[in-house]
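J.: Below you will find the structure I want to go over with you.
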Amino acid sequence: MEIYGYIRVSTREQNEDRQLIAMSEARVPAENLYIDKQSGKDFDRPNYKRLLRRLRRDDLLYIKSIDRLGRNYEEIQRQWRVITKDKGVDICVLDMPLLDTRRGKDLVGTFLSDIVLQVLSFVAENERTNIRQRQAEGIAAAKARGVRFGRPPEPLPENFTAAVESWQAGDITGTAAAKACNMPLSTFRYRAEGWRRGEK
């Protein structure tokens, strides 16, 4: 029997120290730790796939909490079945002792762990949905305050105002005005609309 640990953080900036400490306390060998720095929305993660290929019947896999495995309700259920049923590997979720497949392998124990797994999987996906909603609300609030996202626009050429006024007066075409400003036509039209609204 080999002991493995799986660790996941959502971004490269996030710290996996808490999970590493938990794995060390569970006596997972360092060479059997698999770490992904990627969103939990699906299981298309390189080190998770490597781990799956390496797992053998009667091995033991530790994870810190169910949301470290993933944040997609149906996919968590499916991967749990692949690991425990298809591969015959035990899973122990350190933050939730009821989710330890080494215990209660009778009908009642299996029933209880299935219920807990479903609830926690739902919570994990729901939290992902809430995070995305909070991000969208934060971005909308920032835009309402006038915060701009992305690169600042290039400064307008000195002849831009004259070119826009000539174009709007019908003296020259939009293509000619854009060419005079050394811009693609689509960019010229977009910047002209912003200029009309008082944007720089």
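The values are calculated or read from the model by the stated rules, or taken from the named source; none is laboratory data. All values derive from a computational prediction rather than experimental measurement. Glycine also receives a Cβ, built like all others from the backbone with ideal geometry; neighbour counts cover every protein chain displayed.
J.: Which condition number does Ile35 fail, the rest of (1) over 17 Å from Asp95 (Cβ atoms); (2) surrounded by fewer than 14 Cβ atoms within 10 Å (Cβ to Cβ) being met?
T.: Against the list (1) over 17 Å from Asp95 (Cβ atoms); (2) surrounded by fewer than 14 Cβ atoms within 10 Å (Cβ to Cβ), Ile35 comes up short only on (2).
J.: Do we have Thr129 as modelled with pLDDT of 65 or more, out of contact with any helix residue (DSSP H, G or I) (no Cβ under 8 Å at 6 or more places or on another chain) and either assigned to a helix (DSSP H, G or I) or surrounded by 13 or more Cβ atoms within 10 Å (Cβ to Cβ) (or both) here? Before you say what the answer is, go through the steps one by one.
T.: Details: modelled with pLDDT of 65 or more: yes; out of contact with any helix residue (DSSP H, G or I) (no Cβ under 8 Å at 6 or more places or on another chain): yes; either assigned to a helix (DSSP H, G or I) or surrounded by 13 or more Cβ atoms within 10 Å (Cβ to Cβ) (or both): yes.
Here the answer is yes, as Thr129 does meet what is asked.
J.: When residues of segment 167-197 are filtered for being under 37 Å from the mean Cα position of the chain (by Cα) and not in a helix (DSSP H, G or I), how many remain?
T.: First pass over segment 167-197, keeping only residues under 37 Å from the mean Cα position of the chain (by Cα): 183-195, 197.
With the extra rule that they be not in a helix (DSSP H, G or I), the set shrinks to 183-184, 197.
Qualifying residue count, segment 167-197: 3.
J.: Next up: Residue by residue through segment 67-97, note down the ones that are more than 11 Å from Tyr6 (Cα to Cα), touching a strand residue (DSSP E or B) at 6+ places or on another chain (Cβ under 8 Å) and either part of a helix (DSSP H, G or I) or among the aromatic types (Phe, Trp, Tyr) (or both).
T.: Trp80, Ile83, Thr84
J.: Can you name the condition, by its number, that Gly40 falls short on among (1) at pLDDT 90 or above; (2) surrounded by 19 or more Cβ atoms within 10 Å (Cβ to Cβ)?
T.: Unmet condition: (1).
J.: Any residue at all in segment 5-22 that is part of a loop (DSSP other than H, G, I, E, B) and surrounded by 19 or more Cβ atoms within 10 Å (Cβ to Cβ)? Break it down into steps so the answer makes sense when it comes.
T.: Filtering segment 5-22 down to residues part of a loop (DSSP other than H, G, I, E, B) leaves 10-16.
Add one more test, that the residue is surrounded by 19 or more Cβ atoms within 10 Å (Cβ to Cβ), and what stays is none.
No, there is no match, as no residue in segment 5-22 is part of a loop (DSSP other than H, G, I, E, B) and surrounded by 19 or more Cβ atoms within 10 Å (Cβ to Cβ).
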